[in-house]
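Structure, as structure tokens:
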């Protein structure tokens with residue numbers, strides 16, 4: 001500690017004890033001075049004030065300066081002080097966010113590692129997933145999830161399963177997601193969660209089992225999802241649940257990861273399976289490809305290359321959902337065109353003459369050259385319609401998708 005300016009200390013005390021309302025900047029100046037003479041009392045207050053200033057800022061450079069100071073101040077709080085770890089993690093979280101926003105990824109990664117050492121490993125797991133280091137991310141997910149709580153959140157379990165699947169550990173991923181699915185089944189039976197959420201989880205579990213080559217499990221999942229959809233179409237949701245669009249967005253986006261470029265440290269991708277806890281630069285880069293994809297879709301449409309067009313339109317739909325799919329205002333009206341177009345394009349795929357012989361002309365003329373694309377488009381629209389609470393058309397679409405799969 002340097003020489004104490006006692007006049008400055010007195011002015012700071014008078015300022016804080018005054019009856020007038022202080023601005024944050026004045027508070028910060030006062031706490032800086034008083035933290036030198038009474039660190040136990042004023043270091044925590046200084047951290048909180050610095051972070052409050054950063055929350056009001058719209059400039060990453062300002063955020064970085066304030067957060068860097070908050071981190072250094074939080075480190076000076078004595079070990080064992082109340083909420084020391086919590087304050088340090090909050091400061092580090094703001095710090096890493098500013099670093100990633102400014103493209104300083106290695107420094108942001110180091111801040112995430114320090115957060116993990118302080119007990120908050122979620123952000124580090126996200127960053128590892130952005131870099132394609134799925135196995136390491138899954139190990140952190142497991143440590144966080146196996147914390148003695150008998151039931152785990154949707155968000156934690158989906159993220160964990162997604163990282164296991166990204167690492168190629170399909171059976172382990174299905175086991176984790178299956179644990180979540182069993183939990184949701186019990187909650188739905190007791191009317192403690194929406195049947196819509198159960199439907200989305202069942203369909204995603206079906207996709208996972210298909211990817212693992214477990215067709216029997218996938219077929220069972222389709223039948224169960226169809227039964228739940230039939231119940232929704234017949235009676236609706238037993239309870240009036242608040243907005244659950246985040247569940248739909250997360251699983252819809254995760255289903256499209258396989259169609260995106262592989263993640264790497266040189267070319268980070270979103271940590272699919274999370275509830276949008278992404279680095280801002282990664283999110284901006286991912287959503288920023290929309291104009292490029294729309295231009296590609298226009299070229300493919302002009303060239304009549306329907307299979308590729310179907311795939312690109314789906315990637316566009318996923319980005320649109322990630323950008324604003326959590327907002328319920330005019331949800332159905334805003335998103336219906338994406339899914340209607342996906343189904344319409346998939347229906348235009350040409351017939352396969354060999355299947356005319358195998359399945360009979362009447363049925364086969366309704367089957368596309370690649371039925372998987374139409375099955376996917378119908379399933380996507382069905383799950384969107386569930387999100388839009390339009391259950392009868394959702395059941396019809398999924399029933400058609402199941403029929404197409406069974407006819408293969």
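The values are calculated or read from the model by the stated rules, or taken from the named source; none is laboratory data. Everything numeric here is computed off the predicted structure, so don't read it as measured data. Here Cβ is always computed from backbone atoms with ideal geometry, including for glycine, and neighbour counts include all displayed protein chains.
Here are the numbers:
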| quantity | calculated |
| --- | --- |
| Subset of the stretch 359-408 [assigned to a loop (DSSP other than H, G, I, E, B) and either closer than 23 Å to residue 333 by Cα or at pLDDT 95 or above (or both)] | 388, 389, 390 |
| Condition met for residue 162 (crowded, with 23+ Cβ neighbours inside 10 Å and either over 17 Å from the mean Cα position of the chain (by Cα) or more than 21 Å from residue 231 (Cβ to Cβ) (or both)) | yes |
| Test set (1) surrounded by 16 or more Cβ atoms within 10 Å (Cβ to Cβ); (2) part of a helix (DSSP H, G or I); (3) under 15 Å from the mean Cα position of the chain (by Cα) - residue 284 fails condition number | (1) |
| Lone unmet requirement of (1) assigned to a helix (DSSP H, G or I); (2) surrounded by fewer than 23 Cβ atoms within 10 Å (Cβ to Cβ) for residue 137 | (2) |
| Any hit, the stretch 287-309, residues being touching a residue at least 40 places away in the same chain (Cβ under 8 Å), in contact with a helix residue (DSSP H, G or I) (Cβ under 6 Å, 6 or more places away or on another chain) and closer than 27 Å to residue 126 by Cβ | no |
| Hey, residue 90 in contact (Cβ under 8 Å) with a residue 24 or more places away in the chain and in a helix (DSSP H, G or I) or not | yes |
| Selection within the stretch 53-77 - over 19 Å from residue 116 (Cα atoms) and exposed (fewer than 15 other Cβ atoms within 10 Å of the Cβ) | 55, 56, 58, 59, 61, 62 |
| Test for residue 301: is it within 23 Å of the chain's Cα centre (by Cα) and modelled with pLDDT of 95 or more | no |
| Checking residue 202 against (1) surrounded by 17 or more Cβ atoms within 10 Å (Cβ to Cβ); (2) outside the structural domain of residue 334 (by TED's automatic domain parsing); (3) farther than 27 Å from residue 320 by Cβ, the condition it does not meet | (3) |
| Residue check, residue 218 assigned by TED's automatic domain parsing to the domain that holds residue 246, closer than 24 Å to residue 405 by Cβ, at pLDDT 95 or above and buried (at least 18 other Cβ atoms within 10 Å of the Cβ) | yes |
| Unique match (being crowded, with 21+ Cβ neighbours inside 10 Å and farther than 16 Å from residue 41 by Cα) among 128, 102 | 128 |
| Residue in the stretch 309-321 that is more than 22 Å from the chain's Cα centre (by Cα), part of a helix (DSSP H, G or I) and either crowded, with 18+ Cβ neighbours inside 10 Å or modelled with pLDDT under 95 (or both) present | yes |
| Given (1) assigned by TED's automatic domain parsing to the domain that holds residue 47; (2) without any contact (Cβ under 8 Å) to a residue 12 or more places away in the chain, index of the condition residue 136 fails | (1) |
| Failed item, numbered, when residue 242 is tested on (1) without any contact (Cβ under 8 Å) to a residue 12 or more places away in the chain; (2) part of a helix (DSSP H, G or I); (3) in the same structural domain as residue 382 (by TED's automatic domain parsing) | (2) |
| Listing of helices (runs of 4 or more DSSP H) fully contained in the stretch 1-60 that carry 1 or more residues being at pLDDT below 65 | 6-17 |
